[in-house]
Each structure stands twice: as C-alpha cells, then as structure tokens.
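What follows is a single structure, written as structure tokens, with notes after it.
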Amino acid sequence: MGQLRCAIYTRKSSEDGLEQAFNSLHAQREACAAYVASQKAEGWELLPTQYDDGGISGGTLERPAMQQLLADVDAGQVDQIVVYKIDRLTRSLADFAKIVERLDRAGAAFVSVTQSFNTATSMGRLTLNMLLSFAQFEREVTAERIRDKIAASKRKGLWMGGNEPMGYRANGRTLVTDEAEARVIRKIYSLYRAEGSILAVRARAAELGLHTRSRTARDGRVSGGGPFGRAHLHHILTNPIYAGRIRHRTAIHDGQHPAIIPPAEWEAVQSLLKDGAARPRGKAPTAFAAPLAGKIFDETGDRLTPSHSRKNGHRLRYYISSRLVNDRRSKHPEAWRLPAPELEAGIAGRLRAWLTAPGQASRLVRAPLAGEMARIGTCIDSLVAELDGRHADALLRALIASVRIALGRMVIAVAAEVLAERLQIAPERLDTECLVLEAPFRIRRRGVETRVVLGERPAEIDRVLVRNLMKARGWLTALTRGEAYAEIAARESISKQRVQQLLPLAFLAPDIVQMIAEGRQPLGLTTEWLINADLPIGWDEQRARIARL
C-alpha cells in the first residue's frame, strides 16, 4: 500500500473573527485532520505545512496559500489536497477546471471531508460540477445582494466605507468634518477659483506648504503627508462629497454628512473645470513656465516678458524687454534679452545667500519673543531647502515681489506677506527695510552664449588684454611721430591688419583702462570683444556699452 501525503487547505472569505483564539480556519483544519487520521490504514499521512487563506474570496486563485499549495503540487510534494468543502477550494467553475488540470498533470487528487463522491466516475464528476455551479451561483447572488444594499444605502445618503476622504472622518454610516483638513480643502477650492489651473494650484499649494493626509497601514507603513499631485487635486475638486453629496456610479445623491464646500460653489468649480477641459490642446496655461513673469522691470520701467526660441530641438527661454515685442520695427539696442534659466538660478542663489546670512533671523523680525528665534531659524532652513527642491519655481515666484535691473545693478524686493506666512509671524512684525536685496549685476557673452553674473567676484587681471592695451598706446605714439602702419607691423612681426584692429584700444576712457588694470572689468570684456564691438569715441558711450556686459 502506497503512502499518500495529504495537505489541508482552509479559507475564509472575510476577516471577521480571525482574531479569535479558535476561528473558522482552525475548525476546518481540525475536521480535515481528523478525517486524514481516520484514513491512516489507507496510507494517508498529514503534511505539517499549513495552507491557510484568511479574508480572501474564493472567486480568485490569487491567494498566497493557494498559490504555494499548487506550486508544491507541481513539485511533487503533495499527493492529495484535503478541504472541508469544495467551495473552500474555489467558487469558480473555470478556476476549478484549472486546478483539476494541474492535479491531473501532477498525479494528485483532492477530497472534501463533508461531501463524498468519486471523481473517477462520470456521475461523480457531474455531482462535483453541480456542487460548484451552486457555489458559484451563491457567490454571485451574494455579490448582487451586497451591491443592491450599497446602492440603496447611498440613495439615502449614507457613507458605505472605503478610504475616508480628506477633510472627513468616518462616524458609523456618516462622516464628520475634520476641521484642520477641511481648511486645506477650502483653500484648494479657493486657489482654483483664483488660478483657473490645476497645475497652478499644485504649485501654489506646494508654495504654501499644504500636504496630503498621512495614513498608517496595518503593517506600520506610512503613506501620504507629501505635496499634492495633479491627479489628487483633480479628485478633490470633482468629488461631490465636499458639497454634502454621495456619488454612486454615475448618480449623485444628497448625503447625510455636512458640506465643506457650499453646493453652489462646488457647481461653479465644475463649470470652470469643464471650460478648462474644453480648451484646445496646447492652449492650457502651464504652471510657472516662467516663474518671474510680470515681476522684472528694467531701468526705464519697461516690464520684461517671457519669450522663447528653439535651437536643435531644444526650447530656449528668455526674459526680454516688452518694447522688443511691442515695437518690432525698431532695433532697441538698449533693450534687455536675458537667458531665463540663468537669471532665475542667479536670483534664487541670492535669496539663499540672503536667507542664510549670519543673524538674518534677528534682523528680519522686530522685537523677537523669547525662544522664537529657534523656530524662525527652522522655518528659514525649510525655505532654503525648498529653493533647491522640485517646487523651487513656485516658491521663487511667491517670494519675489519685484526685480529691477539696471546697468551693473539689480534690486530684488521680497514679498512681505509670503515671507511672514512661511516664518509663521504677522507681516507687520517684519522689518521691511531688510526685504530689499541689492546685488551687482552683469551679463557675460561668449559667442552666442549669454551668462548672468550676480554678486561680486574676485579681481582677475586679463594679462592678454592689458598687454594689448599697452601695445595700442605705444603704437599710437609711434603713429603721431610719423611711423607708418607697415613699419609697426614689421617691427612687431604681425600683420598690418592686426595693428589696425588693436589701435582703437588706445582710445578707451581712463577709468575703463584703470578697471582693466585692476582686474575689475566685466567677464565679457576681452580683447576680441573690444575689436568687434566698434566702440564709439565718446567716453560716456563707451562706459554705457561696457556696463551692459
């Protein structure tokens, strides 16, 4: 007589009662173990491995213990599966056929301890199929009954479970308002009415430090608590639950919970969302593609506007004087055309340096309270970290009230209300005189590349330029003595054309020459720039041209 290795499989559809010391899974195992013991004379032997699926429906085979059991059957480690009832194995005829096929391939079988039939005969297989058909029918009827109950309950405005929406907490079959989160929901709706764009709302929410709800799973894992994403914001803005209603499929019913957003306001937001969705593709506003748009002004008061061009498939962004856009017929040589990424990065760098200056917290706040400096310092550290994070553009736009540029100088004004909110103090407590930053401002051109330089830099003497200046002044003296260009070229072992190119350097204004000698010249002021710049003879015009470098 051969030995039959028996594996007991148990399952329970719901988790109710599983926490008890002796639950349904234990009862099934006990009955199956007793049945295996009664067949000991037939060579049945119980395997020690337990295959238990608690809280999992029989309508699917994606059950951990079931998958492990089938894998062990395929590996030849199990000869017979023992279950309390057939529906513990599966409630699906299709799944049962798959199980039987795998058992046949492995030369294994199964037995139900409460339902006797022989699957080796046609009558036994018919009986088994009838039992499984009834099991599947029972499962489908139960599912329909549950769906009908949920639909009827929602028509009455009851909360039927699931993840609690942000802004509410479950209280039986209804919801109660979580006031702290409700304020966040109201702020999101207010931002959308003001901005008209979910992307803009996302950026403003990150800028204001709004975060999603933090949730802790049963296994201790924590999720949420981060910035809002576009999909999350869209779900909040379209969820009728915030208007005191309950959605069931395509129908919306009046709920029994309080509304966080007045229904009329919620309807207005839905209209705005619908209008935004109907906007032609490519016309939707992007969130802060140019975070300093509308905030930069030049020395004439002209506002710099965002612009862009394309080169080799890349999009190049700029801030340009509005007169270049409004009056295209004129060249406007004094107008500005600044590379946007360089300018934004430079201003963000100045903000970081300003925020992290020693003693900055005590300078910003008037009459600081005892123990307040540590908290304000922490807030400043958070601001600096955000300026380096993924929402840096949104924070930069919020913190900057205006930027004014002139030849060699930039003035940055910080938005008092935003800074006060982030420091968690009243705006009137800020020393407004400290909210204006001044920095040396230059642009450096190298070929077609333009770079923005903010702040002081160490002196760096361009020895080639200084040497060429000295040569040009010496050649000018020689020319005034009657020496010809050809003679100078022969003496210097260079071409006559080179002498003519360098000679204008002898006519630079004395203060410009002094600046070059001390290494304080703009980064773009090189010999080649001077040769190609066609500088005017007038010293004031020379200073104006060079100051723009």
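Some points to look at:
- Within straight-line reach of K295, meaning a Cα separation under 14 Å, sit the following aspartates and glutamates at least 8 residues removed in sequence or on another chain: E344, D393.
- Stretchable slack from R5 to R390, in nm (0.36 nm times residue separation minus alpha-carbon distance): 132.7 nm
- With the simple model of a label 7 Å out from the Cα in the direction of the Cβ, Q115 to M160 spans 3.0 nm.
- Applying Stokes-Einstein at 20 °C and 1.002 mPa s to the Kirkwood radius of segment 296-454, computed over alpha-carbon pairs, gives a translational diffusion coefficient of 124 µm² s⁻¹.
- The overall shape of segment 198-240 is oblate: from the C-alpha gyration tensor, with semi-axes ordered a ≥ b ≥ c, the ratio a/c is 1.5 or greater and a/b is no larger than b/c.
- Here the relative contact order of the chain, from alpha carbon pairs under 8 Å that lie six or more residues apart, stands at 7 percent.
- Net dipole in debye of segment 10-95 [+1 Lys, Arg Cβ; -1 Asp, Glu Cβ; about Cα centre; nearest 20]: 220 debye
- Backbone N under 16 Å from the R213 label point (7 Å along Cα→Cβ), restricted to segment 186-207: 186-188
- Neighbourhood charge, 11 Å Cβ-Cβ cut-off, centred on Q115 and excluding it, Lys, Arg +1 and Asp, Glu -1: +1
- Excluding the site residues themselves, the longest part of the chain lacking any trypsin sites (Lys or Arg not before Pro) in a DSSP loop with at most 10 other Cβ atoms within 10 Å is 1-217.
- Reachable lysines, given that their alpha-carbon falls under 27 Å from the alpha-carbon of K471 and they are not under 8 places away in the same chain: K496
- Computed over segment 170-320, the percent of Cα pairs more than 21 Å apart is 59.
- Between T177 and R463, the simple spin-label model (points 7 angstrom out along Cα→Cβ) gives 7.5 nm.
- GluC sites (Glu not before Pro) restricted to DSSP loop in segment 1-32 with at most 16 other C-beta within 10 Å: E15, E19
- For segment 463-547, average projected area of the Cα convex hull in nm²: 5.4 nm²
- Shape parameters for segment 285-358, alpha-carbon atoms, Rg then Dmax in Å: 14.2, 50
- Derived scalar couplings ³J(HN,Hα) [segment 11-22; Karplus, 6.51 cos²θ - 1.76 cosθ + 1.60; whole Hz; x for Gly, Pro]: 8, 9, 5, 10, 8, 4, x, 5, 6, 6, 4, 10
- Relative to the Cα centre, the charge distribution of segment 48-106, modelled as +1 at Lys and Arg Cβ and -1 at Asp and Glu Cβ, gives a dipole magnitude of about 160 debye.
- For the chain, the normalised intensity computed at q = 0.07 Å⁻¹ comes to -0.72 (log10 of I(q)/I(0), Debye sum over alpha carbons, equal scatterers, no solvent).
- Antiparallel content of DSSP bridges confined to the chain, in %, to 5: 70 percent
- Take the Cβ atoms of M130 and Q270, set R0 to 41 Å, and the FRET efficiency comes out at 0.20.
- Extension gain, Q500 back to L61 (0.36 nm per residue minus Cα-Cα distance, nm): 149.1 nm
- Residues of type lysines that K85 reaches as a straight line, Cα spacing below 17 Å, ignoring anything fewer than 8 places off in the same chain: K12
- Positive-end ranking of G209, A268, L175 along the dipole of segment 168-278, with charges on Cβ about the Cα centre, is headed by L175.
- Estimated dipole of the chain in Debye, rounded to 20 [Cβ of Lys and Arg +1, of Asp and Glu -1, Cα centre]: 1640 debye
- Options I347, F137, G43, ranked by Cα towards positive dipole end of the chain, top entry (Cβ charges): I347
- The simple Förster model, with R0 at 60 Å and r as the Cβ-Cβ distance, assigns E438 and R247 a FRET efficiency of 0.60.
- Full extension of the chain between S362 and Q514 yields a length gain of 50.7 nm, computed as 0.36 nm times the residue separation minus the alpha carbon distance.
- Cβ-derived FRET efficiency at R0 25 Å, I537 paired with R481, nearest 0.05: 0.70
- Here the Karplus curve 6.51 cos²θ - 1.76 cosθ + 1.60, taken at θ = phi - 60°, turns the phi angles of segment 218-223 into couplings of 4, 8, x, 6, 10, 10 Hz, with x standing for Gly and Pro.
Each reported figure results from applying straightforward, stated rules to the coordinates on display, with no laboratory input. Quick caveat: nothing in here was measured; it's all calculated off a predicted structure. Cβ atoms come from the backbone with ideal geometry, glycine included; neighbour counts cover every protein chain shown.
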